[in-house]
Structures are given as structure tokens and as C-alpha cells.
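Novice: Have a look at this one.
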Amino acid sequence: MSVAYALADSRVMVTRSLRHTVRNVDVMLTAVMLPVVLMLMFVYVFGGAMDTGTSEYVNYVVPGIILLCAGFGAGSTALSVAGDMEQGIIARFKSMPITSSAVVMGHVVASVVRNLVATALVIGVAFAVGWRPDATLVEWVAALGLVVLFILAISWLSAAFGLLLKTVEAANAFTFVLLFLPYVSSAFVPTNSMPSALQGFAAHQPVTPVIETLRGLWMGTPIDTNAWLAIAWCGGILVLSYAWAIWLFRNRTSS
Amino acid sequence: MTAIQTERRPQLAPASLSRASFAITWRNLIHIKRQPEMLLDVTVQSVMFVLLFAYVFGGAINVPGGGDYKEFLLPGIMVQTMIFSSATVAIGLTNDLQKGIVDRFKSLPISRSSVLVGRSISSLIHASIGIVVMGATGLLVGWRIREGVVDAVIAIALLLLFGFAMIWLGIWVGSMMRTVESVQGLMFTVMFPLTFVANTFVPSQTMPDWLQPVAEWNPVSALTQACRELWGNGPAATTSDAWPLQHPVLMSVVWSIALAAIFAPLALAAFRRRSRD
């Protein structure tokens, strides 16, 4: 019975978060339009000058843009969680008979929904500008599954940071870090074109194996051990962030 | 019964335009001193762009005619820094109008235009700090001025002239918009294509055919090319037949004067309208 209650509470909180999204049109537009603008810029403005060893730069850059889009979306989760903590709405929820994790769950699930809508739009625009993936149905399902896993992982991580940082301004600074990671990865240029000091970081950070796996599934490039590394990174971040977020929520709201 | 002596109040002589403008410039600069984060756009943000393009993307970007990408990049980043100054002036002016500071200035015996002159001078100083920071960053990453002192000074003068023209755009937007958020949104929409669809970061020849003319006739491209030629950075514009890139110094002056001639009257009219409300 408690599971049913928890699910019902979470559904209410998801609806609340999605309603906020619909009402904050400018935030949603920014989260969706900025990755699209970045893709158009990288494909048309920088693409011709980039030497990535591929015939069409658009085929190289799309996985990175999708993860960047997920970063934008997850960043807003940190802001909304911090906003709730700051405005005292959590204290009101505490006086109601609802599951404690439902509030955070609402933010995370809404973030995943928002991100999937944004990802679908980015993929649509990618097709429009000449992206031509060479993937079977199984590879498409695997690629989208990995995207969802990545979105879930960073959404929970963002929620945890939103709880930790307390203020919207501090949470905003965290989103900058989230957006910085895809740039120093194989998202836009191959890691071997970077200076040796950066290569080590770019090759071993969590975003690179996810991008290389997506590129392999969609474009048929070698995946090697990247798939397992991607799942390990995303799974590890998801489990740790979930546990940390729930612990932080209980700690922050117990006083 | 003695008559009441009415003492005449001394007349307050209106401050000269230069004195009032200096006072308002000083006020705006004190803001920077009290809130150093106001310099983030021309310091940290620009340095991040240099490091990102020089070290992360630079290795994969081909400069036609050879040459070091870092040398090609720095003039473009400096032009971008000047363009960002228009956003600074727009946000600052909207903030003053929104908070009622300009209404308070109206009650003082100062020329109304001194508010704009002061704002534009402080914004130029703000942008100049950015140029100094970019120059220092450039020297650290390997950029050098390879031509004479006179050419180097002419390039800096062109940057400041263009910055002055862009400030009028900022004043116009700042006077038209009601909130800081809407100013940020609009300035981002204007500055994003202006700075990126140009030869700022990559040569225009590498862009698709339909985009090349847009980039070549973009005022930012002419100014960037002028700085590259005057500082001796990167390849000459001979690979492009576009007139603005063949005569970049002349076109930079023409664009700056044209933009100032268009936006200064619009800005003054908008500011008068807004400060009458």
C-alpha cells in the first residue's frame, strides 16, 4: 500500500513541476532553443573548419549536442529544487501526509520529461540539417536507452546539488560546471586534437564514453569498451546521486 | 513693526556637461569597484572563450594559408569583448531607469544627456579593461603583435570606435526595454549571430556558400580582419573577394560611423521618451 501512496504522491509532484515548466515558457524555450542554436552554429559556422576525420561534421557533433541539451535541462532541476528550498514550500509539504522522496522525485521525473521533449526536437533539427544515422532499430533503442539513463543520472545529481546549495544563485553556478563537461570531451572535436594535458581529462571524464557509444550506435564507429564505461558512469552517478539526494532531503527538512 | 527680511536663495548654477558626465562616469565606475562581478563578462567570460577555442577546439580548426590559430583567434575575441560592452550599457541603463535613479538625476541641475554620456564613457572604460585582460591572456597563450606601434594603436582605436558605436545600440535597447531580463534576452539574440556568423573564430571561407556573404559583410568581420592585418596576425584576406575584407580598415571606420549615425538619434529619442514617462 505504501508503494501505491508513494507513486500517487510522486505523480502529484510531477504534475506540479510540469505545470511550472508550462508556465515558465522562457525557461523551457531557452533549454530547448540554446542547444538547437549551438548545433546550427557548430554545423554551419564552425563545421567547415573542423577536422574530425569524418566526411560530414553534423554526423560527428549530434551526440554531443544531445548531451549538452540534457545538461541544460538538468541544470534547471538544480534551480527549481533550490528555489523550493529557499521559498519554504518544502516546509508546507512537510505538514502534509506525503512521502518525503516524492517532492524530489517530482522534480526529477519532470526534468526527464522536459529533457526528452528537448532531445526529440534536437534530433528533429539534426535530421533537417543533414544528420543521417546508420542504425538498426535495436541500435536506436539502445542509443535512446543510454540517453534516458544519462538524463536520469544527471537529473538526480542536479537535484542533489539543488538540495545541497540551498540558494538559486549557487545552484546556477553548479549548472555552469554541468555545461562545461561536454565541451572538454569528444563532443565537438576528437580528444587527440587537444593538448596532452587536456587529453587525459577529456578521455577519462564521464561524458566522453557516453558520446563515443552514441556515435558508435548511430554512425557505426568503433565502440570498444566505451559502452560498458558509459553504463558504469551513468549507473554509478544515478545510484550515488539518488541516495545522496534522498539523504540530503531528509537532513535538510528534519530541522 | 519691522518688515520680514526675505533672503534670496542662491541660484544653483547648472553643472557643465563635462562635469556632470564625469560625475556620472565616476558613479558607474564606483559600481564596478563595489561589485567586481560586473567585470565577469569582459574578464572571466572572455578568458574562457580564449582557453576553450585555443586549447579545446584549436587543434581541430584549420586556418587557410597556415598560421597559428591562437594568433588568428585573439583579434576576434577582442572584437567580441567590445560588442559585449553594448549589453553592459543596456543592462546598466535599464536598471537605472527601472529603479528610478534617472528620475532622481532629473531633479538635479544637470543636462539630461550627461546621463548617457557618463554611461557610454564608463562602458568604454569597462570594455577597455576587457581589452587589457585579453591582451594579457593572449600574450600568455602565445599571441603577439607583429607590426609596428602605430598600426597597433590604430587597431585599438578602431576597437574603441566600434565599441562607441555599439554603445549607442545598447543605450537604445536599454531605453526601449522595461526589464533587465528582456534586455538580456534581446541583446543575446542580437549579439550571438553578430559575433559568431563572422570570421571571429573561423575563416568565412570555410562556411557554406549561402552563409559566406552574410559573414563577409558582417561589420564584425571587417573589424576583426582590420585588427588581424594591423597586428600582423593570421592570413591576409586575399582568399576572400568580398570588398569589406579587402579594405577592412576603411570598412571598420565606415561601419562604426554608420552604426553610430543610425543608433545615436534613435537612442536619444528613446531615452527622452522614456525619461518623460
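The values are calculated or read from the model by the stated rules, or taken from the named source; none is laboratory data. All figures in this text were calculated on a predicted structure; none of them were measured in a lab. Quick reminder, even Gly has a Cβ in these numbers, built from the backbone with ideal geometry, and neighbours come from all protein chains shown. Side chains included, ligands, DNA and RNA excluded: accessible areas come from the protein's heavy atoms. Shrake-Rupley method; radii C 1.70, N 1.55, O 1.52, S 1.80 Å.
Novice: Going by Cα centres, segment A:188-240 and segment B:40-88 are how many Å apart?
Specialist: 27 Å
Novice: A follow-up question, please. Can you tell me the 0 to 90 degree angle between the C-alpha axis of helix A:207-219 and the longest principal axis of chain A, rounded to 10?
Specialist: Long axis of A:207-219 versus the principal axis of chain A: about 60 degrees.
Novice: Determine how large the accessible area of A:His20 is when every protein chain is in place; take a 1.4 Å probe and give Å² rounded to the nearest 10.
Specialist: Accessible area of A:His20: about 90 Å².
Novice: Quick check: with the 1.4 Å probe, what order do B:Met48, A:Met33, A:Met41 take by accessible area, largest first?
Specialist: Working: B:Met48 65, A:Met33 85, A:Met41 15 Å².
Accessible-area ranking of B:Met48, A:Met33, A:Met41, largest first: A:Met33, B:Met48, A:Met41.
Novice: Taking the Cα centre of chain A as the origin, how large is its charge dipole in debye, to the nearest 20, when only Lys and Arg (+1) and Asp and Glu (-1) carry charge on their Cβ atoms? Write down the numbers at each step before the final one.
Specialist: Values: 12 positive and 11 negative charges, 196 e Å.
Dipole about the Cα centre, nearest 20: 940 debye.
Novice: Counting only complete DSSP H runs, which helices of chain B cover 27 Å or more along their long axis at the Cα atoms and score a mean Kyte-Doolittle of 1.6 or above? Walk me through the numbers on the way to the answer.
Specialist: Values: long enough: B:69-99 (45 Å, 0.56); B:113-141 (42 Å, 1.55); B:149-176 (41 Å, 2.25); B:248-276 (41 Å, 1.12).
The qualifying helices are B:149-176.
Novice: Follow-up question, since we're still on this one. How tilted is helix A:100-128 with respect to the longest principal axis of chain A? Cα atoms for both, answer in degrees (0 to 90, nearest 10).
Specialist: Here the helix axis deviates by roughly 30 degrees.
Novice: Please find the FRET efficiency linking A:Asn251 to B:Ala23, where r is the Cβ-Cβ separation and R0 is fixed at 60 Å, and quote it to the nearest 0.05. Write out the running numbers ahead of the final one.
Specialist: Numbers: r = 52 Å, r/R0 = 0.86.
Once the sixth-power term is evaluated, E becomes 0.70.
Novice: Another question about this same structure. The protein assembly as shown: Rg/Rh from Cα coordinates, Kirkwood Rh? Before the final figure, lay out the partial values.
Specialist: Numbers: Rg = 26.7 Å, Rh = 25.7 Å.
So for the protein assembly as shown, dividing Rg by the Kirkwood Rh gives 1.04.
Novice: Output the relative contact order of chain A, whole-number percent, from Cα pairs under 8 angstrom with separation of 6+ residues. Present the calculation step by step, with values, prior to reporting the outcome.
Specialist: Working: 317 pairs, mean separation 69.1, N = 255.
Dividing the mean separation by the residue count of chain A yields 27 percent.
Novice: Could you let me know the centre-to-centre spacing of segment A:110-153 and segment B:94-150, using Cα atoms, in angstrom?
Specialist: A separation of 44 Å, based on Cα centres.
Novice: What figure, in Å² to the nearest 10, do you get for the accessible area of B:Met166 with a 1.4 Å probe and non-protein molecules left out?
Specialist: 10 Å²
Novice: Turning to a different aspect of this structure: Rounded to the nearest 500 deg cm²/dmol, what is the calculated helix-only ellipticity per residue at 222 nm for chain B, with -39500 (n - 2.57) per DSSP H run of length n ≥ 4? Don't skip to the answer; put the middle values down first.
Specialist: On the way: 11 runs with 188 residues, N = 277.
My calculation for chain B gives -23000 deg cm²/dmol from helical runs alone.
Novice: With the dipole of the protein assembly as shown worked out from charges on the C-beta (+1 for Lys and Arg, -1 for Asp and Glu) around the Cα centre, which of A:Val109, A:Val148, A:Thr21 lies farthest toward the positive end?
Specialist: A:Thr21
Novice: Also, quick follow-up: With angles folded into 0 to 90 degrees, how steeply does helix A:137-165 sit against the dominant principal axis of chain A? Use alpha carbons for both and round to 10.
Specialist: 50 degrees
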